[in-house]
Amino acid sequence: MRITAGYIPNIGETKFDKKILKFQDLEVELPLLTLEQMQRVIDTVKRESAEILKSLSVSTVVDIIGYVTEQFLDRSSSYRQQAEKLLPIVTGYDEEVIRLGLTSFLKTFRKHELQRFLVEDLGNPLLLDHFQPRAKGGFSKAIGPELITHVWAGNVPALPIWSFVSGLLVKAGNIGKVSSSEPLFAGWFAKALAETEPSLANCFAVVWWKGGDEKREKMIFEKSNLVIGYGNNETLKALKKQVPITTRFLPFGHKVSFGIISKSALDAHKAWRIAHQAALDVIRYDQQGCYSPHLFYVQKGGKVSPVEFARLIAGELENFEKRYPRRKLSMEESVALASWRQKEEMSTFTETGKEVLGTSTHQWTVVFEEEEKVFTASPLNRVIRVISFEKLEDILPYIKPYRSFLQTIGMAATPKELFHWAELLANVGVTRITALGKMTSPEAGWHHDGRFNLMDLIQMVDIESSAIVDSEQFAPYVD
Amino acid sequence: MTQQREIIEELSQFIKKNQASEEEFNSLALHIFNYQYKHNLPYQTFCRQKGKTPRLVKNWRDIPYVPMSAFKEVPLTCSDPEAAVRVFMTSGTTQGKQGKHFHSTLEIRELSMIINFKERFMKETNRIRMGILFPTEEKMPHSSLAHYLALVMKEFGTEDSCYLLKENGVHIQKIISELEHAEKTGEPFALLGASFSFVHLFEELERLGKTFNLPKGSKILDTGGYKNKSKELDLNEFYQLLERYFGVDRSNCINMYGITELSTQFYDDGNEVVPSIKTGPSWIRTRVINPLTGEEVPEGERGVLVHYDLANFNSVMAVATEDVGMAVDEGFYLFGRVQGAEVRGCSLAVEEFIQLAKGTAK
């Protein structure tokens, strides 16, 4: 089967070179634009978004995006059915995992949640429409860029629409480059937007080019006011090199997240539920998200000991494996995982108290370690480390060196501990604390990596009070 | 006679005979497994954890294999590591830890190398003038490849054979004079060395605009891939360049595949067609497995190579590599080391993390 992907606005021609990406029996055809065609896409998106998108009120934009989101949430809509059918093939994730993941993710972009985005960042969303009075005096307006270029990455399905929707909310022209590992969803979303509101059809584009195409990147970035890049630090460094000084660059690098479980949460009844929630965070997209846990720190002294808790998680992972099997791994991933696991098994000979739990087919692995004094990343794909601790203060020094890479903590603790630990973790660089089971579903309006979704995209224009006072004397009705 | 001596004697006979039925291979493999289970304690623990003891294992395919990385973690040896006559180490890796292969004697390893090399590289020739593109054993005492090349030069090289490297790369004048000498006299010449050194040599020869036409009977042996030490050439280009610069038919350009953790090497029968099929002698067997399940993959599918090398009697006979291959009737295709797993999401990858950890350690 062959399908087309991407979204090109009307630039007066429809014939493009093609790039074919293969996923098992599915061929995905993406338009491959010449530099000249790219130039016309840029001009079109800039012009039309300035004329049309920027003339809409923000509440109209919210209505349109909210409507499109509802389409993708509705299991009887063709958009949704297409996504449920094709995303499992392209990403390799189980159908049920995709279905649940999409719903939980898309809920964040319903109308009332979009309003939350706006209020969270701006306080007064009308700032995006007109000059608004400020408490300090004077007036301000928030202006979105002429053009935002998004360089998306990874295969967590649908993830690109975080930045795409943010760009639309600030009424910017948007051009997004999809990654080869999930080239579909952003294009579908763009198409649905254009079908919902045909006047917006030329305000955005979803394209593909081979990452590292320096000439093309340089050309596009020079015409953009803002470039949002996703990827590892090496990719981001390469992108940054092509971004001129007059264009702002917002890099989102890879992150490490983990869980912390207090002994107060570990009695016989509650521990099982927490292990269930923790395992859910592990199986969702097989830990590929920046908010997915690499390890769980479990406090000693509860009714359920850390090693018992590790076994509980193992049991839950085994249960989930039956209902939501792991994505089929590539040879590279299989080798990495097998050799990692075998190495862990070998090290149990010399490290007392260490346990490696798993099945012979390596569908998941739990490693338990007693007060291990290191902070290490997981090879992912349902591999989790459980480390016991006495006091949070004991583990902080091992986490601290990774400050710029820390993101989410999934926490199970008393309210008092929650706030006390949050203070300590905030100081070492953590930017989000959430409940276990919610690690992979950030709230609408969250501060992604501690930053703002919309504030970082806009520029404020101030009319100072002196200008207003001064203008009074020139009014025709001045006395 | 000690148990070790017994095994050595039995192995020597086996290797010298150089042909074995499935039963004969199985029988000696189980004998050695028994010996290793008894004397190699970390391995014993490993086998117990897998629930595979000599009492339960009846077929060599069931003998538990250890990953190459295990050689980095624990001393895998049946004799006192302190008393080893030689320790070969893997080249440094991203994790900075080196794998160690302890040898209580080099007797079997050398016998394995000599008999196999004669059959697969020398064939009917007894001695040939050799030039080695690799450092000497003295320079690299822990390199198994340096030991291999020194041994083949001693056993099969003429008196005039020599090393062709200097401190900072290939010794181009010496190489040119050796190659010109061969052209002039018509005496067959063999160039042996690391694949990446050949790439460096191509670059030098291109710069000088020189090509050679070595006399009939000349051969080339390359091994080990590029290891980020030179430009990465694809296989076809590599052998094309060997043919172009030295005038040696691709059928006489042999690639050797060996790893520090083993004591026996694999060869192909030339590289007219790439990838070539690799085969080993009667005392080593290879399975191609799914690394997650450990099951053999169906023929024609890619998997990871696991070698059962009887000559590895002092360490662990069964070693799982990180090399991807595919089984065919006569042997296997080697597709090379798996590259780091591709990052799919936005979660930090282990490799990245290790780099980072190294950075913060500085």
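The values are calculated or read from the model by the stated rules, or taken from the named source; none is laboratory data. These figures come from a predicted structure and were not determined experimentally. All Cβ positions, even for glycine, are placed from backbone atoms using ideal geometry, and neighbour counts span all protein chains on display.
Structural remarks
- Criterion: out of contact with any helix residue (DSSP H, G or I) (no Cβ under 6 Å at 6 or more places or on another chain), of a type in the set (A, V, I, L, M) and surrounded by fewer than 18 Cβ atoms within 10 Å (Cβ to Cβ) - qualifying residue of B:Ile176, B:Ile128: B:Ile176
- Residue match in segment A:47-62 (condition: over 20 Å from A:Phe189 (Cβ atoms), in the same structural domain as A:Lys171 (by TED's automatic domain parsing) and among the aliphatic types (A, V, I, L, M)): yes
- Inspection of segment A:259-282 finds no residue satisfying the criterion of being farther than 15 Å from A:Leu312 by Cα, within 12 Å of another protein chain (Cβ to nearest Cβ) and not charged (D, E, K, R).
- Condition met for A:Ile399 (under 30 Å from A:Phe23 (Cα atoms), touching a helix residue (DSSP H, G or I) at 6+ places or on another chain (Cβ under 8 Å) and of a type outside the set (S, T, N, Q)): no
- Any hit, segment B:332-340, residues being more than 11 Å from every other protein chain (Cβ to nearest Cβ), surrounded by fewer than 20 Cβ atoms within 10 Å (Cβ to Cβ) and either under 30 Å from A:Phe252 (Cα atoms) or modelled with pLDDT of 90 or more (or both): yes
- Listed by first and then second residue, the pairs linking a residue in segment A:349-362 that is under 21 Å from A:Leu312 (Cβ atoms) and touching a residue at least 40 places away in the same chain (Cβ under 8 Å) to a residue that is aromatic (Phe, Trp, Tyr) and surrounded by fewer than 17 Cβ atoms within 10 Å (Cβ to Cβ), with Cβ atoms under 9 Å apart and 6 or more places separating them unless they lie on different chains, form an empty list.
- Residue under evaluation B:Pro54, criteria (1) at pLDDT 95 or above; (2) surrounded by fewer than 18 Cβ atoms within 10 Å (Cβ to Cβ); (3) assigned to a helix (DSSP H, G or I); (4) not basic (Lys, Arg), criterion not met: (3)
- Criterion: small (Gly, Ala, Ser) and assigned to a loop (DSSP other than H, G, I, E, B) - qualifying residue of B:Ser27, B:Ser12, B:Ser79: B:Ser79
- Considering A:Leu295, A:Leu312, the condition of being assigned to a helix (DSSP H, G or I) and either more than 9 Å from chain B (Cβ to nearest Cβ) or free of Cβ contacts under 8 Å to residues at least 40 places away in the same chain (or both) is satisfied by A:Leu312 alone.
- Some residue of segment B:54-72 being over 22 Å from the mean Cα position of the chain (by Cα), of a type outside the set (Ser, Thr, Tyr) and within 14 Å of another protein chain (Cβ to nearest Cβ): yes
- Within segment A:420-458, considering residues that are outside any loop (DSSP other than H, G, I, E, B) and either among the acidic types (Asp, Glu) or modelled with pLDDT under 95 (or both), the one farthest from the chain's Cα centre (by Cα): A:Glu423
- Test: residue in segment A:63-76 that is of a type in the set (Gly, Ala, Ser), in a helix (DSSP H, G or I) and closer than 26 Å to A:Lys218 by Cβ: no
- All conditions in (1) surrounded by fewer than 16 Cβ atoms within 10 Å (Cβ to Cβ); (2) within 14 Å of another protein chain (Cβ to nearest Cβ); (3) at pLDDT 90 or above hold for B:Leu76, with the sole exception of (1).
- Residue list for segment B:249-286, restricted to those being surrounded by fewer than 22 Cβ atoms within 10 Å (Cβ to Cβ) and basic (Lys, Arg): B:Arg250, B:Arg285
- Segment A:369-382 residues that are under 18 Å from A:Ala279 (Cα atoms), paired with ones that are small (Gly, Ala, Ser) and not in a loop (DSSP other than H, G, I, E, B) (beta carbon under 8 Å, 6 or more apart): A:Glu369/A:Ser388; A:Pro379/A:Ala336; A:Leu380/B:Ser347
- Residue in segment A:310-335 that is modelled with the lowest pLDDT, counting only those that are among the polar types (S, T, N, Q) and under 25 Å from B:Phe335 (Cβ atoms): A:Ser330
- For B:Lys100, the conditions (1) within 14 Å of chain A (Cβ to nearest Cβ); (2) surrounded by 17 or more Cβ atoms within 10 Å (Cβ to Cβ); (3) free of Cβ contacts under 8 Å to residues at least 60 places away in the same chain; (4) closer than 22 Å to B:Pro281 by Cα are fulfilled apart from (4).
- Set A:Arg327, A:Arg284: member being basic (Lys, Arg), buried (at least 22 other Cβ atoms within 10 Å of the Cβ) and within 16 Å of A:Gly154 (Cβ to Cβ): A:Arg284
- Verdict on B:Thr260 being touching a His at 6+ places or on another chain (Cβ under 6 Å), more than 14 Å from chain A (Cβ to nearest Cβ) and not acidic (Asp, Glu): yes
- In segment B:18-32, the condition of being under 20 Å from the mean Cα position of the chain (by Cα), more than 14 Å from chain A (Cβ to nearest Cβ), under 29 Å from B:Val324 (Cα atoms) and in contact (Cβ under 8 Å) with a residue 40 or more places away in the chain is met by at least one residue.
- Restricting attention to segment A:139-167, the residues that are within 14 Å of chain B (Cβ to nearest Cβ), over 16 Å from A:Ser224 (Cα atoms) and modelled with pLDDT of 95 or more total 0.
- Qualifying positions in segment A:403-419 - of a type outside the set (Asp, Glu) and assigned to a helix (DSSP H, G or I): A:Arg403, A:Ser404, A:Phe405, A:Pro415, A:Lys416, A:Leu418, A:Phe419
- Subset of segment A:399-427 (residues that are surrounded by fewer than 16 Cβ atoms within 10 Å (Cβ to Cβ) and within 14 Å of another protein chain (Cβ to nearest Cβ)): A:Lys400, A:Arg403, A:Ser404
- Extreme residue, nearest to A:Glu321 (Cα to Cα), among residues of segment A:331-388 that are among the aromatic types (Phe, Trp, Tyr) and either more than 10 Å from chain B (Cβ to nearest Cβ) or surrounded by fewer than 17 Cβ atoms within 10 Å (Cβ to Cβ) (or both): A:Trp364
- Here A:Gly302 clears all of (1) away from chain B (no Cβ under 14 Å); (2) in contact (Cβ under 8 Å) with a residue 60 or more places away in the chain except the condition numbered (2).
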